[in-house]
Amino acid sequence: MKKLLPISFLIAVIIFACTSGKVSNQNLSTVYKRESSLLHPAFAVFHVNDYTSELHFGLLSSELLYTRPQNADVFSANVMISYRLKSSYEAKEIIDSGSVKVNDVYNNNETEKQIIGQVNFKASPGFTYMLQITVRDLNRNQYTTSYINIDKSSNNARQNFLLLSTIANT
(Lines give C-alpha, C1' and ligand atoms only; values in the text may rest on other atoms or scores of the structure.)
Protein backbone atom coordinates (compact mmCIF):
# COMPACT_ATOMS: atom_id res chain seq x y z
CA MET A 1 0.00 0.00 0.00
CA LYS A 2 2.84 2.38 0.84
CA LYS A 3 4.40 1.70 -2.60
CA LEU A 4 1.18 2.68 -4.39
CA LEU A 5 1.03 6.11 -2.75
CA PRO A 6 4.20 7.52 -4.42
CA ILE A 7 3.23 6.00 -7.78
CA SER A 8 -0.30 7.44 -7.64
CA PHE A 9 1.14 10.80 -6.57
CA LEU A 10 3.55 10.74 -9.53
CA ILE A 11 0.73 9.89 -11.95
CA ALA A 12 -1.41 12.73 -10.57
CA VAL A 13 1.49 15.21 -10.96
CA ILE A 14 2.05 14.13 -14.56
CA ILE A 15 -1.63 14.43 -15.44
CA PHE A 16 -2.02 17.90 -13.94
CA ALA A 17 1.31 19.14 -15.29
CA CYS A 18 0.38 18.21 -18.86
CA THR A 19 -2.89 20.11 -18.92
CA SER A 20 -3.24 23.79 -19.64
CA GLY A 21 -5.77 26.05 -18.01
CA LYS A 22 -5.94 28.35 -21.04
CA VAL A 23 -6.80 27.73 -24.67
CA SER A 24 -5.83 30.37 -27.21
CA ASN A 25 -8.56 31.96 -29.29
CA GLN A 26 -6.10 33.67 -31.65
CA ASN A 27 -5.29 32.10 -35.02
CA LEU A 28 -1.66 33.02 -35.66
CA SER A 29 -1.08 30.65 -38.56
CA THR A 30 -0.74 33.54 -41.03
CA VAL A 31 2.41 34.66 -39.20
CA TYR A 32 4.14 31.48 -40.40
CA LYS A 33 2.64 31.41 -43.92
CA ARG A 34 3.79 34.77 -45.28
CA GLU A 35 4.36 33.43 -48.79
CA SER A 36 0.65 32.59 -49.13
CA SER A 37 -0.30 36.27 -48.81
CA LEU A 38 -0.29 38.68 -51.74
CA LEU A 39 0.67 41.57 -49.45
CA HIS A 40 4.06 41.79 -47.72
CA PRO A 41 4.14 45.09 -45.84
CA ALA A 42 7.16 46.24 -43.83
CA PHE A 43 6.82 47.91 -40.43
CA ALA A 44 8.96 49.80 -37.93
CA VAL A 45 7.98 51.35 -34.61
CA PHE A 46 9.52 54.49 -33.12
CA HIS A 47 8.69 55.93 -29.68
CA VAL A 48 8.45 59.71 -30.14
CA ASN A 49 8.03 60.38 -26.42
CA ASP A 50 6.74 58.64 -23.29
CA TYR A 51 3.13 58.47 -24.51
CA THR A 52 3.23 58.65 -28.32
CA SER A 53 4.71 56.13 -30.75
CA GLU A 54 4.81 55.98 -34.54
CA LEU A 55 4.06 52.97 -36.72
CA HIS A 56 5.99 53.37 -39.98
CA PHE A 57 4.76 51.22 -42.87
CA GLY A 58 5.90 50.42 -46.38
CA LEU A 59 4.01 48.71 -49.21
CA LEU A 60 5.15 47.77 -52.70
CA SER A 61 2.91 49.09 -55.47
CA SER A 62 3.41 45.83 -57.41
CA GLU A 63 1.52 43.95 -54.67
CA LEU A 64 -1.58 46.16 -54.95
CA LEU A 65 -4.47 46.00 -57.40
CA TYR A 66 -4.96 49.23 -59.33
CA THR A 67 -8.46 49.71 -60.73
CA ARG A 68 -10.14 52.46 -62.72
CA PRO A 69 -13.64 53.45 -61.66
CA GLN A 70 -16.16 54.19 -64.40
CA ASN A 71 -15.74 57.62 -66.00
CA ALA A 72 -12.26 58.02 -64.46
CA ASP A 73 -9.00 58.51 -66.31
CA VAL A 74 -6.59 57.11 -63.72
CA PHE A 75 -5.99 53.77 -62.06
CA SER A 76 -5.77 53.83 -58.28
CA ALA A 77 -5.09 51.45 -55.40
CA ASN A 78 -6.95 51.72 -52.10
CA VAL A 79 -5.48 50.27 -48.92
CA MET A 80 -6.77 50.34 -45.34
CA ILE A 81 -4.20 49.97 -42.57
CA SER A 82 -5.72 49.23 -39.16
CA TYR A 83 -4.04 48.63 -35.83
CA ARG A 84 -5.00 47.38 -32.38
CA LEU A 85 -2.75 47.83 -29.37
CA LYS A 86 -3.20 45.26 -26.60
CA SER A 87 -1.26 44.29 -23.51
CA SER A 88 -0.73 40.74 -24.91
CA TYR A 89 -1.91 38.37 -27.64
CA GLU A 90 -4.64 36.99 -25.42
CA ALA A 91 -5.87 40.29 -23.96
CA LYS A 92 -9.45 41.21 -24.74
CA GLU A 93 -9.11 44.88 -23.83
CA ILE A 94 -7.91 47.16 -26.64
CA ILE A 95 -5.68 49.97 -25.35
CA ASP A 96 -5.61 51.97 -28.60
CA SER A 97 -6.84 51.42 -32.12
CA GLY A 98 -7.11 53.29 -35.36
CA SER A 99 -6.88 53.08 -39.12
CA VAL A 100 -5.70 55.08 -42.08
CA LYS A 101 -6.78 54.81 -45.72
CA VAL A 102 -4.06 55.08 -48.33
CA ASN A 103 -4.89 55.94 -51.94
CA ASP A 104 -2.18 55.66 -54.61
CA VAL A 105 -2.55 56.71 -58.25
CA TYR A 106 -0.82 54.68 -60.96
CA ASN A 107 1.73 56.53 -63.07
CA ASN A 108 2.66 54.99 -66.44
CA ASN A 109 6.27 56.11 -66.04
CA GLU A 110 6.88 54.12 -62.85
CA THR A 111 7.55 50.40 -62.84
CA GLU A 112 7.37 49.86 -59.08
CA LYS A 113 7.41 52.18 -56.12
CA GLN A 114 7.33 51.92 -52.38
CA ILE A 115 4.36 53.52 -50.66
CA ILE A 116 5.41 54.69 -47.21
CA GLY A 117 3.63 56.41 -44.36
CA GLN A 118 3.14 56.50 -40.65
CA VAL A 119 0.40 56.48 -38.07
CA ASN A 120 0.63 57.56 -34.42
CA PHE A 121 -0.62 55.49 -31.51
CA LYS A 122 -0.63 55.94 -27.75
CA ALA A 123 1.21 53.66 -25.32
CA SER A 124 2.27 54.36 -21.75
CA PRO A 125 5.88 53.94 -20.60
CA GLY A 126 7.06 51.05 -18.45
CA PHE A 127 5.10 48.30 -20.22
CA THR A 128 5.30 45.92 -23.17
CA TYR A 129 2.47 45.58 -25.65
CA MET A 130 1.38 43.69 -28.75
CA LEU A 131 0.43 45.67 -31.86
CA GLN A 132 -1.83 43.85 -34.32
CA ILE A 133 -1.74 45.42 -37.79
CA THR A 134 -4.11 44.51 -40.61
CA VAL A 135 -3.37 45.71 -44.14
CA ARG A 136 -6.32 45.34 -46.51
CA ASP A 137 -6.21 45.89 -50.28
CA LEU A 138 -9.73 47.25 -50.73
CA ASN A 139 -9.75 46.75 -54.52
CA ARG A 140 -8.73 43.10 -54.30
CA ASN A 141 -10.46 42.38 -50.97
CA GLN A 142 -7.33 40.66 -49.64
CA TYR A 143 -5.69 41.27 -46.30
CA THR A 144 -2.72 40.27 -44.19
CA THR A 145 -2.25 40.57 -40.44
CA SER A 146 1.07 41.19 -38.71
CA TYR A 147 2.06 41.37 -35.05
CA ILE A 148 4.76 43.55 -33.51
CA ASN A 149 5.95 43.45 -29.92
CA ILE A 150 6.10 46.97 -28.53
CA ASP A 151 8.71 47.54 -25.82
CA LYS A 152 8.28 50.68 -23.72
CA SER A 153 9.79 49.08 -20.62
CA SER A 154 13.12 50.88 -21.03
CA ASN A 155 14.50 54.02 -22.66
CA ASN A 156 17.27 51.90 -24.16
CA ALA A 157 14.98 49.64 -26.21
CA ARG A 158 15.53 49.37 -29.97
CA GLN A 159 12.24 51.13 -30.73
CA ASN A 160 13.47 54.32 -29.05
CA PHE A 161 15.85 54.92 -31.95
CA LEU A 162 15.01 55.69 -35.58
CA LEU A 163 17.61 55.37 -38.32
CA LEU A 164 17.13 57.98 -41.06
CA SER A 165 18.86 58.50 -44.38
CA THR A 166 20.30 61.86 -45.44
CA ILE A 167 19.74 60.95 -49.11
CA ALA A 168 16.36 62.09 -50.43
CA ASN A 169 13.77 59.44 -51.36
CA THR A 170 15.50 56.53 -49.60
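Contact order for the range 60-170, expressed relative to its length and based on alpha carbon pairs under 8 Å spaced 6+ residues apart, stands at 27 percent.
Here the range 83-170 is assigned +1 on the Cβ of each Lys and Arg and -1 on the Cβ of each Asp and Glu. Its dipole about the Cα centre then comes out at about 200 debye. Residues TYR83, TYR51, TYR106, sorted by accessible area with the largest first, give TYR51, TYR106, TYR83 [1.4 Å probe; ligands and nucleic acids excluded]. Computing FRET efficiency as 1/(1 + (r/R0)^6) for TYR66 and LYS101, where r is the C-beta to C-beta distance and R0 is 22 Å, gives about 0.90. Listed by chain and number, the aspartates and glutamates whose alpha-carbon sits under 20 Å from that of LYS86, ignoring those within fewer than 8 places in the same chain, are ASP50, GLU54, ASP96, ASP151. The solvent-accessible area of TYR147, taken with every protein chain present and a 1.4 Å probe, is close to 50 Å².
The values are calculated or read from the model by the stated rules, or taken from the named source; none is laboratory data. Please read all numbers here as calculations on a predicted model, not as lab measurements. Counting neighbours? That spans all protein chains shown, and the Cβs are built from the backbone with ideal geometry, glycine included. These area figures cover heavy atoms from the full protein model, side chains too; ligands, DNA and RNA do not enter into them. Shrake-Rupley method; radii C 1.70, N 1.55, O 1.52, S 1.80 Å.
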